[in-house]
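A quick write-up on the structure given underneath.
The values are calculated or read from the model by the stated rules, or taken from the named source; none is laboratory data. Keep in mind that what you see is a predicted model, and the values were worked out from it rather than measured. Neighbour counts are summed over all protein chains in view; Cβ atoms, including those assigned to glycine, are modelled from backbone coordinates with ideal geometry.
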Amino acid sequence: MDMNERLQLAIESILENESLTADLEDAAATELIDWGTDCAEKIVQRTTLDDTADVDAAIETRLKAVRKMMRLINAWIANRQSLSGDEDESMLNQVIDQVKIIYGENHELPAKSQQRHFLRERLPHSNEPVKMVLILRMLIEDQEDYRKNN
């Protein structure tokens, strides 16, 4: 299987799985799908270029983490109003556990201070689901941009 075929399958595994965004409004679902498909594309490109014996197994492990991250975010947003601060922290930690698999060991994770800021300052004011997805993605993918804008 070549890289284009792997990429097509990876993206389909996200687009065809309605459970990943079932509880979100359209705008938030679109942003989460965009995040997931961007991750899938990067995974396929990086893993195909790696010197990995079983490329397909390596890709699938990371794609499972993408889908799990998306389900976690979907559930977090859907239940947001009924969660305690400790439960929010637990959800963020679960998302970060998946991020470690998705982005790899060289990805800079948000510092604990950034995580606390997100949970205490940003999350309580993220009443719009689409905004929560965007801010969470910024926290995960670009800590410098998160610091500048928050």
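Looking only at the range 97-118, which residues are hydrophobic (A, V, I, L, M, F, W, C) and buried (at least 16 other Cβ atoms within 10 Å of the Cβ)?
The first filter runs over the range 97-118 and keeps only residues hydrophobic (A, V, I, L, M, F, W, C), leaving 99, 101-102, 109, 111, 118.
99, 101, 102, 118, listed by residue number.
Output the residues belonging to the range 84-125 that are touching a residue at least 40 places away in the same chain (Cβ under 8 Å) and small (Gly, Ala, Ser). Listed by number, the list holds a single entry, 104.
Of the helices (runs of 4 or more DSSP H) lying entirely inside the range 46-133, those containing at least 1 residues that are among the polar types (S, T, N, Q) and under 13 Å from the mean Cα position of the chain (by Cα) span 55-78, 85-103. Answer with yes or no whether residue 123 is under 23 Å from residue 33 (Cβ atoms), at pLDDT 95 or above, of a type outside the set (S, T, N, Q) and surrounded by 14 or more Cβ atoms within 10 Å (Cβ to Cβ). For residue 123, the condition - under 23 Å from residue 33 (Cβ atoms), at pLDDT 95 or above, of a type outside the set (S, T, N, Q) and surrounded by 14 or more Cβ atoms within 10 Å (Cβ to Cβ) - is not met.
Does residue 77 qualify as being surrounded by 13 or more Cβ atoms within 10 Å (Cβ to Cβ), under 18 Å from residue 123 (Cβ atoms) and among the hydrophobic types (A, V, I, L, M, F, W, C)? Walk me through it before giving the result.
Details: surrounded by 13 or more Cβ atoms within 10 Å (Cβ to Cβ): yes; under 18 Å from residue 123 (Cβ atoms): yes; among the hydrophobic types (A, V, I, L, M, F, W, C): yes.
Answer is yes for this residue.
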